[in-house]
1. In the structure displayed, which of Lys342/Lys626; Lys342/Lys599; Lys559/Lys626 lie more than 32 Å apart, Cα to Cα?
2. Given an 8 Å cut-off on Cα distances and at least 6 residues of separation, report the relative contact order of the range 488-532 as a percent.
3. Per Stokes-Einstein, at 20 °C and 1.002 mPa s, what whole-number D in µm² s⁻¹ belongs to the range 548-647, with the Kirkwood radius over Cα pairs as the hydrodynamic radius?
4. For the residues Arg444, Arg699, what sequence is obtained by ranking on other C-beta atoms within 10 Å, fewest first?
5. Suppose we look only past 41 Å in the calculated P(r) of the range 327-704. What percent of the Cα-Cα pairs does that tail hold?
6. How do Asp466, Asp622, Asp386 line up, fewest other C-beta atoms within 10 Å first?
7. Compute the length gained on full extension between Asn378 and Ala603: take 0.36 nm times their separation in residues and subtract their Cα-Cα distance, giving the result in nm to one decimal.
8. Would you order Glu558, Glu511 from fewest to most other beta-carbon atoms within 10 Å of each residue's own beta-carbon?
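Taken together, the values in this text are just the output of simple stated rules run on the coordinates, not laboratory data. Predicted model only: the values in this text are computed from it and were never measured. Methodologically, a virtual Cβ is constructed for each residue, glycine included, from the backbone with ideal geometry; neighbour enumeration extends over all protein chains shown.
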Amino acid sequence: MGAAAYVGRVGGLAVALGVGSAVFAGQGVAWADETDSSPSTSASSATSDRDSGSDAPSKRDATRDDDAAKDDAAADPDDDDPEPEVDDEIEDDAPDDDEDAEPEDDAPDEVEDIEEDLDDDVEDDDAEDAEPEPEPDTSSAPPTTKRSQSAPAEPSASEETSAAEKASVSEKSKTDTTKVPTDPAVAPQEPEKVAVFASASSLAAASPTTVSPRVAALLSSPTATAQEPKPSLVTAVVNVVNSMLDWARQKADATPDSPAQPPFLWALMSFARRELENLFVSRSTVSAARSTIVAPTSLALTADEITTAAAFVPYSPWLNPQVSPSTNFVSWVTGKNVYSDKTLANTLARYQVYGTDVGVMWDNGIPDDPSTPDINENQVLIAVGDTFGSANMSGRWIYNTLFRSSDDDLSDGMTIPDGEWFNGNMFGGAPLSGPTQARPIINRPSWAPNSVTLIPTAGISLPTPDTEFGATQYVSFMSVSNWGSSGRWTTNYSAIAYSTDNGENFTVARESVRYNSIFSGNRNFQQSAFVKGDDGHVYMYGTPNGRQGAAHLARVAEKDILNVSKYEYYKKASSGWFGGSPARWVQGNPSSASPIIGKTGGACGSTKPGNTVSEMSVQYNDYLEKYIVLYGDQSNNIVMRTSDTPEGEWSEATVLMGQQNGGIYAPMLHPWSPSTVGTGSDLYWNLSLWSEYNIMLMRTDLTKL
C-alpha cells in the first residue's frame with residue numbers, strides 16, 4: 001500500500017493535536033521566521049474558505065488565535081522536507097499540505113497579480129522551456145517541496161517580481177503536468193485556471209529574512225549537490241506532526257518530581273499515540289528499514305532526530321516510553337496486542353486472557369534437559385492475579401493463572417510460548433483448560449473461608465530431589481474478602497500453595513494459612529515477597545492488606561517453608577531509659593516483627609518517597625552486590641532500596657519512576673535480569689497498569705541512578 005493511504009490519518013492527527021493543544025494551553029502555537037514585511041492576506045482568506053466547508057483544515061489555522069492569524073503567513077518549518085521523487089500513484093492520490101489543497105480562489109491577490117503580469121513572459125520563454133530546467137543551487141537555500149508552496153510574507157515589489165520570475169516557470173510547468181486529484185477530501189479545482197505559486201526557496205533567497213540562530217546554523221551547513229535520497233514514511237510522518245509532538249513530549253517527559261499531568265493532556269497524547277501506533281504497526285518492517293537520513297536543513301529533521309523517531313516503541317502506554325532518566329517501557333507481557341513475534345503478549349488469542357495484573361516472577365529451579373532439545377525446562381514462572389477474557393474486566397473471569405517463559409534476552413520483551421494441550425508437556429506457555437484457554441492455578445479450598453478472589457503475591461522454587469523434576473514451586477497468595485476504596489482492600493487470610501509439576505497443579509497447604517486478625521501479628525504478613533538467603537533460610541517479607549503499611553521480615557528453613565509455626569520474626573534493636581535489647585529473631589510470634597522498610601520519620605516521614613510499602617519484590621543483585629527491593633509507595637511512585645543483608649539497614653528510597661497516567665502498581669523483579677545474574681547493569685521488572693489492566697515489562701539502567 002502506498003503512503004497516500006496514510007495522509008488523511010496524519011492530517012487528522014495534526015489537526016487534533018493543534019486544536020487540543022490550543023484548548024489546553026489557552027493559546028495557539030505557530031512557528032515562522034520573522035520578517036519585516038507587511039502581513040499577508042492569504043491566511044485570513046484561507047481561513048474563511050475553510051470555515052465555509054473545506055474538509056482539509058490547516059494545522060496552523062487550527063492552533064492559531066485571531067490575532068496571530070494576521071501575522072503568521074510564513075510556512076511552518078516542520079512542513080518542509082526535501083522533495084522526494086514519489087511514484088505516480090502517490091503523487092496522484094496524496095494531497096499536498098493544506099495550502100496546496102485550497103481552491104484557486106484562495107490564492108492571495110498578490111500572487112494572482114504576479115501570475116497575470118508574467119503570463120506573457122512565460123509564453124515568450126516556451127522555446128527555452130524545451131531545455132530541462134537546471135537544478136536550483138542548494139547551497140543558498142533549502143530544497144523545495146510540494147508542501148512548502150504556501151505564499152510567504154510579501155517582499156518588496158522589485159524583490160517579489162524578480163523572485164517570482166525565477167520560480168514561476170518551473171512551478172507552472174510542474175503544475176500543468178500534475179493530474180487532478182481524485183481524493184474526495186480535496187476541494188474541486190477548475191483545470192483551465194491554475195494559480196501559480198512561487199517556490200518558498202526562491203522567494204526566501206530573494207527576500208531579506210531574519211532567522212533564528214538554530215535555523216541559521218542549519219542553513220549554513222554544507223548540502224550535498226547530489227540528488228536528495230528518497231525519505232521514508234517514518235521521516236514523512238514525523239515531519240508532519242513533529243512541531244506539535246515536540247510540545248507534547250516535553251510535557252510528557254516525566255521526572256520523579258513531576259506532578260501528575262492534566263487528564264485532558266493525557267487524553268490528547270493517548271489519541272496521538274494510538275494514531276501513530278496504528279500507522280507504524282501497519283507498515284512492514286521492510287518499509288521501516290528503508291529509512292534514510294535527510295540532509296540537515298532548517299526544514300528537515302537532523303539525523304539524530306530521525307534515528308530517535310525511527311526507534312518507535314510499539315504499543316507504548318505513554319507517548320514517551322522513557323518515563324524517567326533511568327527507566328523505560330520495553331513491551332507488554334500480557335494482553336491483546338500482537339507484535340511481529342507472536343509469542344510476545346498476544347495472550348487474548350492464545351489463552352483467552354484479555355487482561356490481568358501483578359505478574360510475580362521466579363526461576364523454576366529446573367535445569368534444562370539436553371535430551372529434549374525442543375523444550376527448555378529451565379523457565380521463569382509468572383503468576384498473575386484476577387484474569388478476564390474480555391475488555392473492561394468482563395467476560396470469562398478466573399482468580400489467577402500462570403505463564404512460563406524461557407526468554408533470556410529481555411531487551412526486546414519477554415516471550416511466552418504457546419500452550420501444550422493434553423500432551424503431557426508441563427513446559428508450555430500456561431496450564432490449560434482447553435486448547436487456547438488458560439486455567440486457574442489456585443482455587444479456594446473447601447475448608448477455607450469464602451473469598452472474593454485469590455491473588456498470588458510471591459513465588460519461589462526450592463530443590464526437592466524426590467520429586468519428578470527435582471524442584472517444588474511455592475506461591476504465597478492473599479484471599480481478598482472485600483474491595484474498598486482505591487488502594488484499600490481487606491483479606492481474611494494468606495497461605496502458600498505448592499506444585500511439583502512446574503506449576504501445572506497447585507495444592508494449598510493448610511498448615512501455611514495466616515488468618516488476618518487485629519489481635520495477631522499475622523495481619524502484617526497478608527502480602528509477601530520471598531528471597532533466598534545464603535544461610536539456608538528463606539526470607540519472607542510481609543505487609544498488611546492494602547497499600548498503607550510497612551514491611552516486616554520473617555525467615556524459615558527451606559524444608560519448613562509450609563509450616564507457619566517454624567518461622568522466626570525479626571525484631572530490631574531497641575533502647576530506652578531502662579536499657580535496651582539487641583536485634584534478634586523471635587520464633588513463633590509474628591507480633592514481635594518490627595517494621596524494617598517504610599513508616600519511618602514520624603509525621604514528616606509521610607512526605608518522603610517510600611514511606612508506605614505495597615506489592616513488593618526482593619532479590620539479590622550481583623551488579624550492585626546488595627539486596628534490592630522494589631515497591632509502590634503512598635504516591636504511587638515505584639521506588640528501590642538496597643541493603644547488605646536481608647534485614648537491613650535499608651537505604652533511603654530511590655524513585656525509579658513517578659506515578660503515570662492510568663495508575664501503576666506491583667513492580668515485580670525478573671530473576672534473569674543482567675544485573676541480577678551479573679552480566680550487565682540492566683534491571684528488568686514487571687509493572688501493572690490499571691487503565692489497561694495488563695502487565696508490561698520495564699527496564700532500569702542502574703548506572704543512571
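1. Lys342/Lys626; Lys342/Lys599
2. 35 percent
3. Reported coefficient: 142 µm²/s.
4. Arg444, Arg699
5. Cα-Cα pairs of the range 327-704 separated by over 41 Å account for 7 percent.
6. Asp466, Asp622, Asp386
7. Extra length available between Asn378 and Ala603 comes to 76.3 nm.
8. Final ranking by Cβ density, sparse to dense: Glu511, Glu558.
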